[in-house]
Every structure is written in C-alpha cells, then in structure tokens.
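The values are calculated or read from the model by the stated rules, or taken from the named source; none is laboratory data. From a predicted model like this one, the values you see are computed outputs, not experimental measurements. Cβ: placed from backbone, ideal geometry, glycine included. Neighbour counts: every protein chain shown. Keep in mind that these areas ignore ligands, DNA and RNA; they rest on the heavy atoms of the full protein, side chains included. Shrake-Rupley method; radii C 1.70, N 1.55, O 1.52, S 1.80 Å.
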Amino acid sequence: MALCWLLIHIFLLTSSSSSAHNDFFTSIGHMNDLLFTEKDLVTSLKDYIRAEESKLEQVKRWADRLDVLSAAATQDPEGFLGHPVNAFKLMKRLNTEWGELESLVLTDMSDVFISNLTIQRQHFPNDDDQTGAAKALMRLLDTYKLDTNTISTGVLPGSSSDASQRSTLTVEDCYDLGKVAYSEADYYHTELWMVQALKQLDEGETSVTVDAATILDYLSYSVYQRGELERALGFTRRLLELDPTHQRAKGNLKYFEYQLEKQKDMEEEKGEEGRQRRENRGRPADYLPERKKYEQLCRGEGLRMTPRRQSRLFCRYHDNNRHPKYVIGPVKQEDEWDRPRIVRYHDIVSDAEIEKVKELAKPRLRRATISNPVTGVLETAHYRISKSAWLGAFEHPVVDRINQRIEDITGLDVTTAEELQVANYGVGGQYEPHFDFGRKDEPDAFEELGTGNRIATWLLYMSDVQAGGATVFTDVGAAIWPKKGTAVFWYNLYPSGEGDYRTRHAACPVLVGNKWVSNKWIHERGQEFRRRCGLQETD
C-alpha cells in the first residue's frame, strides 16, 4: 500500500509541475545540474528501497518463525496448549506482538524520499522541455541526414566510442517522438519514428506500454495524410490482422480502398507526371527559403571557394598597425573568407579566462531572445535554441580585459558596443540564418541605444564541439567551425554605412558536444575616425 501511495504522489507531483517552464533543453550548461539532481534522487530512492527491504525482511522472519510454530501446534492443539508457557506466549502474541507487527507494516518508509522529491520536483523539466528536446532530435535527423536507427542506437558522428557514454532509444521512446511530431501535424517525422518503433518491435524488443496495433494506427493515418494511399492501406491491413475488431481501421480500410481507386484513375489521366509526383514526396518545405543550402553548409557540403580565391587567403601575425601591446607579441590571424572578409584570431583567450566567463554567466543564463521585426519587442523564438547572459566590463577584470583585447586587435572603439553576450546552446542548439545589423525595414532596431547600427561582430568560441555547431554564411557559402580559444571577426556594414547582406549567417545545430560562445556587437558611434566612411559599397 505504501508503494501504491508513493506512485500516486509521484504522479501528482508530475502533473502539478507543468506550469513551471525553465527551457532546460535550450542550454546544455543548465542541463548539467539536472544530472546531479537525478543522481541525488537515485541515492534517496535507494535509501528508501533499503528501508523497505529491511522492513520486509523483519516481517518475513516473523512469518517464517510463526509458520513453523503454528504447523507444530495445530498437529496437537490440546497437547500444545497444555504446556503453560505455550499458552502464555499465544496470549502475548495475539495481544501484543501482532499489534507491533501491524504498526511495522503500516510504517511508511517513503517519507524522506517523498520529501526530497517534492523539493527537487520544482526544478524539473516539464512537457515543453521534453517536446523541445524531441524536436531537437528531429532537427538533427534532418540537418545532418541521419536515419532514425542511427539516433536510436546512439552511435552519432563524433560521439564517444565508450558505450557507457551513450544511451539507446526504446520502442516507447521512438513512439513518444512520433507522438510529438503527430501533435504538431508533422506527419513526415511521425512516420519516421513510428516506423522505427515498429522495426524495433519486429526485431524482438519488448514493450509493456506500446503494441504494434497502436503504432500501426498512427502510421496508417500519417502516411495517408502525406498522400501515400497504398502504404496507408498496407498498414491498415496489417493492423486488422492483429486486431480484427478495430473499428477505426475497418472504416479506414474501405475509405482508403475507395480513394486509391480514384487516385489510380487520375494518374492514368495525367500519365507518368502524376506517378512521379506521388513517388517524390519527401520532407515538406517550411518557412525558411534557404533551408537546403543552410543544412548543406552545416554538413560541410555546398558552395566551395575556387582554387584561385583560396590561394589568396593567408595566415599572418597581426599587430594592428604596430599597436604597442602586439608589436612584440602579435596575434595569429587567419583568413577564413574573402568576400565578405572574415578572419579568425587564434589563442585569443586562455582556458582560465573562459572558465571565469562561464562561471559569471551561468547563474544568469536565460532563454535567448530576438527582436520582433514588426513590433521591436524581444521574444523567444523556435529558431534560436540557446540561453544567454550579458556581462558588463565592470563586473570582473576578465570581462574588462577581453573587451580591451577586442578593441586593441580590431582597432574599433568598444565603449559604444553592447555588453559581452555569453551563449550556451542546448540539445540540437542552433540559430537559424539572420543578420546582426538592422535593415532598412527595421529603422528602430537599435534606436534606444543611441549608438547607431551594428558595424561589426566579434564571435569568440569558448569550447570545442565534437560534431556540428558550425557558423555558416548562407549567402556566400562560408562555413567556420568552432575551435576553443579562437575568435572570428567581420564587418556587418560597408564603409558607406549600408548593410552587407552577404553577412547573413547562422549557428548550425550542435550534433554532439557542448557549445559555448561569447560575442561582442560593435556599433557605429565612436568609429568615425577608426573606420572612415566611404561612398562605395566595397570591402
């Protein structure tokens, strides 16, 4: 009974926590804390199990002792009770000891565990976090052209070869992923994950909560919604073989057969063109017109620089016109792209500086926001999966040093720049193609700052990323991969002050790893004599 109430209590806690939304899935840094929370809960749960086992062991010893005693006593009850000690002990057991046993059985050993769980539960992820993490797996599936079996087995490109460091997806996990897609009317991913769940069942994996008939029900409807009537009919027939009484399947069978006949008649009229259109159905288009190019660049595919242009890219020691700090110890500068010019600086910050910046930022990490181009109001967006924090130069000497370093290396005044923004990407963390500068249709983008448009961007990589996570420039085809301690720099505006639309860029989804970056957006004010205005839109 105590275990029953324990489970009910956990269910109630789970149900009541859905109102607290922490966006855990948007930051790996914050998810780290969840691992230690779960570890503490496991320890508490084991303590509870040991307490229950100890209680049951006492009850078992009592039962075994009385079982032997009663077996002997009932063979000759009168003879047994004729002994006065036996008679006394029977009275004592029934009057006292059975009452003590009752108290022991009714003792609730779960109080400590429940109390701990209640405290920790308020910091747990909720349904939105689970949905966000599920969508992240689908995003990785699409972007890096993985198949569901690769994700289900956990053997991802760049992942550890140590089996203890990766998990696999069960039938229930795949089914739940399919249900998330289904709830969004995303029948493409519903089909992929339901097929994977069915495959694992067919291969012998057992499931207590999900059966093939349930999966086939989702599958048949999903493929029907995608216009694949023959497959929908096949799944429906298989469902009826498993459950001939399934009313919805019986109705669908007749309907799909009727629709399939109509489709065949139409295809005969349209000929080969209609058949090919039906066979070429794949992932549906979405709101991002450059989706294909963006994902190609994330995979390291797509546009390549010509050998002639490549030959003009160099590595050099940079002292920013013999800046006093860098005459003796210049920084290493590498050309990443020519038009627009994107350069990378190596060994810009130390590991100790990085750890201090992360330490300062982590308590303040919040879901990253973007400015609504219509209203100008900051809001969270599904195309930016990360958490960020802002650090002022006054908060710690390390932040001040980094700001000064940016000014010394770029030659630009950072006193009018925005504070240092630190970002940590979550599960499948990304930032889809965007511009850093305000466009003509956003005249009020940075008006409240009073420092003009964002003239340049400094992006510092504070971690290596095992797989994925590149910074790609979708208009020109550049792809820059994270390398801890390096920074990339580019101008967002031409010398004329016009926006350089070639700088449209994105942060690719993180496939494996933990991506930390910080960036400095440098504004126009203060640069009048550092980067002189030009009338021509040239590099």
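Provide the gained length on full extension for the span LEU90 to VAL42, in nm with one decimal, where the gain is 0.36 nm per separating residue minus the Cα-Cα distance.
Working it through step by step, the gained length comes to 13.0 nm.
What spacing in nm lies between the two simple spin-label points modelled at TYR258 and GLU57, each 7 Å away from Cα in the Cβ direction?
6.8 nm
When a/c is below 1.5 the answer is rounded, else prolate if a/b is larger than b/c, else oblate, so apply that to segment 96-232 with a ≥ b ≥ c taken from the square roots of the Cα gyration tensor eigenvalues.
prolate
Starting from segment 422-507, pick out the trypsin sites (Lys or Arg not before Pro) whose DSSP state is loop and whose Cβ has at most 11 other Cβ atoms within 10 Å.
Listed in order of number, the matching sites are LYS440.
Would you mind working out the accessible area per residue for the chain, using a 1.4 Å probe, and quoting it in Å²?
Each residue of the chain exposes 54 Å² on average to a 1.4 Å probe.
Once both labels are modelled 7 Å past Cα along the beta-carbon direction, what's the ASP265-GLU528 spacing in nm?
7.7 nm
Multiply the residue gap between LEU242 and ASP64 by 0.36 nm, knock off their C-alpha separation, and tell me the result in nm, one decimal place.
59.4 nm
Can you tell me the orientation of helix 212-225 relative to the chain, as the angle in degrees between its alpha-carbon axis and the longest Cα principal axis, to the nearest 10?
For 212-225 against the chain, the angle is about 30 degrees.
For the chain, which whole percent of the accessible surface, found with a 1.4 angstrom probe, sits on carbon and sulfur atoms?
Summing carbon and sulfur atoms, their accessible area is 54 percent of the total for the chain.
Taking R0 as 41 Å, what's the FRET efficiency between THR150 and GLN310 from their Cβ-Cβ distance, rounded to 0.05?
The pair THR150/GLN310 has a calculated efficiency of 0.80.
Can you check what the net charge comes to around GLY132, using other residues whose Cβ is under 11 Å from the Cβ of GLY132 (Lys, Arg +1; Asp, Glu -1)?
Its environment carries a net charge of -1.
Within a Cβ distance under 12 Å of LEU313, other residues only, what is the Lys/Arg minus Asp/Glu net charge?
Result for the neighbourhood of LEU313: +3.
Taking 0.36 nm per residue of separation and subtracting the Cα-Cα distance, what length does fully extending GLU100 through HIS323 add?
71.7 nm
For the chain, what does the helix formula give at 222 nm: sum of -39500 (n - 2.57) over DSSP H segments with n ≥ 4, over the residue count, nearest 500 deg cm²/dmol?
Using -39500 (n - 2.57) per qualifying helix, the result is -14500 deg cm²/dmol.
Need the C-alpha centroid separation for segment 468-532 versus segment 235-265, integer Å.
Measuring centre to centre over Cα atoms gives 54 Å.
To the nearest 20 debye, what charge dipole does the chain have about its Cα centre, counting +1 at the Cβ of each Lys and Arg and -1 at the Cβ of each Asp and Glu?
1620 debye
Please give the solvent-accessible surface of GLU528 in Å², to the nearest 10, using a probe radius of 1.4 Å with every protein chain present.
The value for GLU528 is about 100 Å².
Please check which bits of segment 505-529 a label hung off GLU418 would reach, taking the label as a point 7 Å along Cα-to-C-beta and the cut-off as backbone N under 13 Å.
518-524
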